[in-house]
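Structure first, commentary second.
The values are calculated or read from the model by the stated rules, or taken from the named source; none is laboratory data. Quantities reported herein were computed from a predicted structural model and do not represent experimental measurements. Counting neighbours? That spans all protein chains shown, and the Cβs are built from the backbone with ideal geometry, glycine included. When the accessible area is computed, the model is the full protein with side chains, heavy atoms only, and any ligands, DNA or RNA have been set aside. Shrake-Rupley method; radii C 1.70, N 1.55, O 1.52, S 1.80 Å.
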Amino acid sequence: ADVAYLRSVLPSTTEDAFFDYLATLDTSEVTVSAVPEGSVVFARVPFLQVKGPLLVVQLLETTLLCLVNYASLVATNAARFRLLAGPDVKLVEMGLRRAQGPDGALSASKYSYIGGFDYTSNVLAGKLYGIPVCGTIAHSFIMSFTSLEEVQLRKLPPLAGGEPVDLPALAESWLQRVCELLQTPPEKANRGELAAFTSYAVTFPRNFQGLLDTYCVRRSGLPNFCAVALALHQLGYQAIGVRLDSGDLAQQSKEVRRVLRACGAHFQVPWFETIPIAVSNDISEQSLEEFSREGSEIDMIGVGTNLVTCPLQPSLGCIYKLVEVNGSPCLKLTEDEEKMTIPGSKTIYRLYDAAGHPFMDLMALEEEPSPSAGQELVVRVLGRLGEASKIVPTTVEPLHRTYFRDGQMCEPLPSLPEVKSHAQASLSLLNPAHRRLHEPQPYPV
């Protein structure tokens, strides 16, 4: 069917032998070597090398670029968010609604995880890739309730056993005590919101969480959440978190933590003070920088649009260029020096200093002898080719591995958690001067 379609769109003068060739296309002569998935790769370093008959390897160009460009872009974007958030804050990818279609959304979920995110809200990505899934209550759920009378399932048995208790009534009694402590009028707490929290809690007593800003965080969301969480505590259960989705998130997180600590101390519920606080609402790199600058009590951050659409750099620009034919090097000449290719089939080495940081990537022709640790090397850095420098690496690491040869995979492919672990280890090895997000020191190649 594919060959028939090509016949219909190619010029009528195309020889039949070409279509016969396509019908029996053989990839066994193709060899693919690449840096391991999850590696840090710098500009102009070839991270994938394909060898084989020219027509076959040319057919692979668009597919390979499609597979690596967006994936690498999103993983890089996610890694930037992880570096800004620090190691302790949990990150949730929640960009499905804004992603570039369902395929883009699945790629974003997968490669955000590799880049350092902990969870995804994309349940299909969880099913297909084993990424931990995570989500919270929606505003629409809370807004769908207007009064406690609408809570249909009302009775909740204590965790330790015993007679079921009317949870809405118990939560309402706790609301009076919480409002008294917080010095806020109980009548300002929205009863529909209290009903929604109670309905959720009675259904998922071990997984209760609250979305606090549907009406008013201070006067309604927070008192209602504390009332339901304390009612659950009385029955032996623990709430698992709250979410803020609007306003000054850093300032609100500090206010929420202050109230949780006050309730925990006053009602003698120690775990209350450490209830995780999650935030969302068009989170960007700038948002994370502001959280850090202002100080916050945020434990989990949900990132959507600014993660999956990569607004700071919407495309990565990887290219696929011919560098050698029949043993003869090829060079593309252009007035734009950045777009000139570097001829010849290459081997790539990463050079490390005594502190264990990579300080340079070295491209050499395949037939050149491999450099070794402690050996003085004379190199020319891209962008400064007129000057030669002498360097002495402490460690030398060949970057490429051969993954496909003679029609067979020849290197086991790592699992997604292994790729993620490798990515985070690769990033952690970078010198802080190269890793910083603002005005990083250029990494020499």
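If you place +1 on the Cβ of every Lys and Arg and -1 on the Cβ of every Asp and Glu, how big does the dipole about the Cα centre of the range 77-309 come out, in debye to the nearest 20?
260
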Cα shape, the range 13-83, gyration tensor, a/c 1.5 rule:
prolate
If amide H atoms are built 1.01 Å from N in the plane of the peptide, which residues on other chains or at least 5 residues away come under 5 Å of the amide H of MET360?
LEU351
What whole-number distance in Å separates the alpha-carbon centres of the range 188-217 and the range 384-437?
48
Over the chain, give the accessible area per residue in Å² for a 1.4 Å probe, as an integer.
53
Enter the accessible area of VAL165 (Å², nearest 10), with the probe set to 1.4 Å and all protein chains included.
40
Give the long-range amide H neighbours of VAL133: residues separated by 5 or more places, or on another chain, with amide H under 5 Å away, using H modelled in the peptide plane at 1.01 Å from N.
THR120
Positive-end residue of THR394, HIS422, LEU382, charge dipole of the range 374-439 with Cβ unit charges:
LEU382
Quick check on the range 137-251: take the gyration tensor over C-alpha atoms, sort the square-rooted eigenvalues as a ≥ b ≥ c, and tell me if it's rounded (a/c under 1.5), prolate or oblate.
prolate
Sequence order, the range 13-30: Karplus ³J(HN,Hα) from phi using 6.51 cos²θ - 1.76 cosθ + 1.60, θ = phi - 60°, Hz rounded, Gly and Pro as x, gives 7, 5, 5, 4, 4, 5, 5, 4, 4, 4, 5, 10, 3, 10, 9, 5, 8, 8
What span do the alpha-carbon atoms of the range 77-309 cover on each of the three principal axes, reported in whole Å from largest to smallest?
48, 37, 31
Magnitude of the Cβ-charge dipole (Lys and Arg +1, Asp and Glu -1) of the chain about the Cα centre, nearest 20 debye, reported as 1080
Of the residues GLN49, GLN251, THR13, the Cα lying farthest along the dipole of the chain towards its positive end, which is defined by charges on the beta carbon of Lys, Arg, Asp and Glu, belongs to GLN251
Gain in length, GLN286 to GLU15, computed as 0.36 nm per residue apart minus the alpha-carbon separation, to one decimal in nm?
91.8 nm
Can you work out the FRET efficiency for the pair THR146 and LEU333, with r the C-beta to C-beta distance and R0 = 60 Å, to the nearest 0.05?
0.25
